[in-house]
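Okay, so here's the structure we're looking at.
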Amino acid sequence: MTPLTHAAVGTVICQRFEKLPWGPWRWVFAFVLSMASHYLLDSIPHFEGVVPIPNYKHNMPLMLLIGCVGAVLATLLMCWKREAGRIWLVLFLWIAAGFYTFSWWRIATAAAGLAYIAWKSPIRNAVCYAAAGMLAVLPDLLPTAFRSLTIFHRRMHYRSDWASLVYLYFSDPPVPRGSARLHAPAFLLAYGIELVIEASIFVIALYLYTRERPEKTPQDQPTESLAVSQES
């Protein structure tokens, strides 16, 4: 899955847990599930047979492209839901801000993004939403020193390969490898299906995230209450 989808799903999970009457524990569960959602989404096949995981992590132009696409979508979203779009814009610009690996630059830009949201957003828990989105991306950024998580992450990525199954349904072995798959119609069909599935997950996250009316910060509430009383 692209980091855009991971981040979007993470913010939605945090938003949903905000409604639960569990006190501070709701944030603990929200953050843990946001990170866990990364592994669940990665179990859905998505192009690993063409570009191995380590290769795209060091592909800066690809990260810039993905981040810029997300930034355009978030900017358009701001015309409809300004604060929701602002949070996603910061997340997607953070994704595009460097190589898709762990670094102190990643930590610094994450801190800067959260600080900006805390300063500008009137939504009560906007920082928590953005932090959950970053945690949902985190498994892709963990250094290889986290050996167990790295192995588990790669196993979830390569758990199944729908494209190979579709190819074998229409053709005989051997199954193409690497970029040769892009010349096989069966693989293009399977990758098209996988792209539609990921796009659907992203759009559903967008819908769920924007349909909720966010809680305002305390300093904004008196102004709104006064406006309502004046209209009455």
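Any read-out appearing in this document is the output of simple, stated calculations on the displayed coordinates, not a laboratory observation. Treat the numbers as computed from the prediction; the structure is a model and nothing was measured. Backbone-built Cβ (ideal geometry, glycine too); neighbour counts: all protein chains shown.
Loop-located chymotrypsin sites (Phe, Trp or Tyr not before Pro) in segment 122-217 (DSSP state not H, G, I, E or B) with no more than 10 neighbouring Cβ atoms inside 10 Å do not occur.
Both radii are taken from the alpha-carbon atoms of segment 54-211; with Rh as the Kirkwood radius, Rg/Rh is 1.03. In plain terms, the residue of MET60, MET1 with the fewest other Cβ atoms within 10 Å comes first and the most crowded comes last, giving MET60, MET1.
Once the C-beta distance of ALA180 and VAL72 is scaled by a Förster radius of 41 Å, the resulting FRET efficiency is 0.80 to the nearest 0.05. Going from the residue with the fewest nearby Cβ atoms within 10 Å to the one with the most, CYS128, CYS68 rank CYS68, CYS128.
Neighbour counting of Cβ atoms within 10 Å sorts the residues ASP161, ASP140, fewest neighbours leading, into ASP161, ASP140.
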